[in-house]
Each structure stands twice: as C-alpha cells, then as structure tokens.
Amino acid sequence: SQQGEEDPQALSIQEGENATMNCSYKTSINNLQWYRQNSGRGLVHLILIRSNEREKHSGRLRVTLDTSKKSSSLLITASRAADTASYFCATGVRNAGNMLTFGGGTRLMVKP
Amino acid sequence: DSGVTQTPKHLITATGQRVTLRCSPRSGDLSVYWYQQSLDQGLQFLIQYYNGEERAKGNILERFSAQQFPDLHSELNLSSLELGDSALYFCASSVRGANSGNTIYFGEGSWLTVV
C-alpha cells in the first residue's frame, strides 16, 4: 500500500500559470521529499521538508507541510514547458525503516 | 547528474533467466536503496543496505536478492525472471537513512524487459 497519495493524478496548464500538486499521507512522518521524473528517466530530488517545518522554497518551487492534516503541497510558479514531468511525494516514516515510501505521482503537462 | 551510477541502462532477457543490476552510490553515501517502478505497481521499495548490512526490506520477491560490498557498491540479482518482472529498477543512495532527514538521490535506472 502507498503511504502518500498525490492529487490530482494529472494536471494540464498553460505556460506561465502556476501548478499546485497535493500529497496526503497516513502516518506520522520524519520528513517528506518531492521528486520530479521525466518520462522514463531517473527521479530528480526537488525539496526535502522536515516534520517540524511548515514551508520551504527553492527557486520557483514552494512546498508546504501540514502535519495536523497529514498533507503537503508543491507549488510551481510561472510554469514552463520544461516543467512537464511526473511529480512524486515520498515520506520518511517513523518506525518504518529508513526508506522512502512513494505516492502514485501527479503527471503535469505544461503547454507552450 | 545525481552521482548515483547504475548499469546496465537497458537489458532484455528471456523468462527464466538471471540478471544482475549494479549500482555505485554517491561518494560518501553509506545507504543504498533499490526500488522497482512498474506501470501497475508504481514505485515500490525493495531493500536497503547501510554500510554493507541489510537495514530494511520491502516488497522484494524471494527470487530477488541484493548485497552491498565493502566498497559500498551494490548489486541486485533477479533470478527465474518472469514477464511481470519487466520494470525500471532504481538504485538510490544517501549518507544515512531517510529517517535521518537525509536527501535520497536516485540513479537513472536500469530498464529490464523480460520476453
């Protein structure tokens, strides 16, 4: 079973618009990491947010974490065609070993 | 480039055969993870090693095995291959474990096609 679930499963926007992807998880976490995957390629790490953090920024990316709601969101501002990819959240869960558990991902398409 | 190197990039083999996937972690990383990505199962954690010892086990089949060597590279062995084993296999590494708050870096993956 998956710990994280992304919403929506697919998102299509125009270049220049903002894209918001949400992730919900089930159990308490130590940290949450967001990754990007271009079709058939490797996973690229975007941001890690710890359970005691509420918001982090990296360039055009903004990640929030609400541990009371067990949810996180990834905002990509001023999207570009090159942002077209699948985005995954992954959680490091307490008492569940040292691995990351991934959600099903959001497929983002940015139209030029 | 994440610094995690996986070989081979692509592999086609027949059912019943055995293959070995190889991974070199980022310099200085002690933890190595193996994940399987398939269309129907998504990204599934298989196994983790830390400094040569098995640390966590996920949905890894008995036909699959892995090890981490003293130089910290790792190999994933897949035997008695079935069509359903066709997938993208990722290796990832980190300094320690995910629960230590370490970023986990992924390689480009090894595409396995079983025919």
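Evaluated on the range B:31-96, the Kirkwood hydrodynamic radius is 12.2 Å, with distances taken between all distinct Cα atoms. When +1 charges are put on Lys and Arg Cβ atoms and -1 charges on Asp and Glu Cβ atoms, the dipole computed for chain A relative to its Cα centre reaches about 200 debye.
Available extension along the chain between A:A10 and A:V44 is 10.4 nm, counting 0.36 nm per residue and deducting the alpha carbon span.
A Cβ-based charge dipole, computed about the Cα centre of the protein assembly as shown with Lys and Arg at +1 and Asp and Glu at -1, lands at about 400 debye. For the segment B:101-109, counting C-beta atoms of other chains within 10 Å of every residue's C-beta and taking the mean gives 6.
Across all directions, the average flat footprint of the convex hull enclosing the Cα atoms of chain B is 6.6 nm². Basic side chains Lys and Arg get +1 at the Cβ, acidic Asp and Glu get -1 at the Cβ, and with that the dipole of the range B:16-115 about its Cα centre reaches some 140 debye. For the segment B:37-49, counting C-beta atoms of other chains within 10 Å of every residue's C-beta and taking the mean gives 3. For the protein assembly as shown, the C-alpha radius of gyration sits at 1.00 times the compact-globule guess of 2.2 N^0.38 Å, with N the residue count. For chain A, a Kirkwood radius taken over Cα pairs fed into Stokes-Einstein (37 °C, viscosity 0.692 mPa s) yields D = 236 µm²/s.
Coordinate-derived values only; no laboratory data. The structure displayed is predicted, hence computed values, not measured ones. Here the Cβ is made from the backbone with ideal geometry for all residues, glycine too, and neighbour counts use every protein chain on show.
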